[in-house]
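What follows draws every value from the coordinates through simple rules; no lab data is involved. This is a predicted model, so every value here is computed, not measured. Positions of Cβ are backbone-derived with ideal geometry, glycine not excepted, and every protein chain shown enters the neighbour counts.
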Amino acid sequence: MGTLRSFFSENDLDGRVYTIIQEIIGRDKFEELKDFLHFYKITAEIIDDRLEIKQFSHKKKKWIKIASFNIKTKNVEKSINRSDFLKLLDEENEYILKSTEEEIKRTANIILALLFLILGAIVSLLLINTIK
C-alpha cells in the first residue's frame, strides 16, 4: 500500500525522469541534448518503492540501467557514471542521425519514383494524343 501512496504522491513521473537525467549529465549538457530526448528509448518502472530508469542502447542491443530513484525519500539511490552515460547518449545520437539520414534517402527515392511515374504517364498520354 505504501508503494501506491508513494506512486500517487508523485505528480509527474516523466518530469521526474528528465530531472534525474539532468542531475546526472548537468544542466548545460541536458540543454544541448534536449532535442534528442524524445527519440531515446527510455523506460521507467516502479519496483517496490523505487523508480527504475533504463535506456535502450542500439549499439549494445540491450537495456542499460540509468538510475534508481527512491520514491519515498525522493533521492537517487544509484545512477550511471556521468561519462558512461554521455558516451551512451553520443552513441544513441549517432544512431538517430544515421537512421534519420537513411529514412530521408528512402523517402526521397519514393518521391523520385512517383515523379518519374507521373512523368511517364504524361509522356504516354502525349504520344497517344499525337498518334490519334
C-alpha long axis of helix 82-131 to longest principal axis of the chain, angle in °: 20 degrees
Surrounding net charge for Leu88, when Lys and Arg each add one and Asp and Glu each subtract one, Cβ distance under 9 Å: -1
In Hz, Karplus ³J(HN,Hα) per residue of the range 47-60 (6.51, -1.76, 1.60; θ = phi - 60°; x = Gly, Pro): 10, 6, 10, 10, 9, 8, 10, 10, 10, 7, 9, 5, 5, 8
Spread of Cα-to-Cα distances over 5 Å intervals beginning at zero, given as percent, for the chain: 2, 9, 15, 15, 12, 9, 7, 5, 5, 4, 4, 4, 3, 3, 2, 1, 0, 0
Considering only the chain, percent of DSSP beta bridges that pair antiparallel, nearest 5: 100 percent
Label-point separation, Ile46 to Thr107 (7 Å along Cα→Cβ), nm: 3.8 nm
Of Asn70, Asn93, Asn109, the one that fluctuates the most in a GNM where the chain has Cα springs shorter than 10 Å: Asn109
Which listed pairs, of Lys65/Lys105; Lys54/Lys105; Lys29/Lys60; Lys29/Lys105; Lys78/Lys98, have C-alpha distances above 28 Å, in listed order: Lys65/Lys105; Lys54/Lys105; Lys29/Lys105; Lys78/Lys98
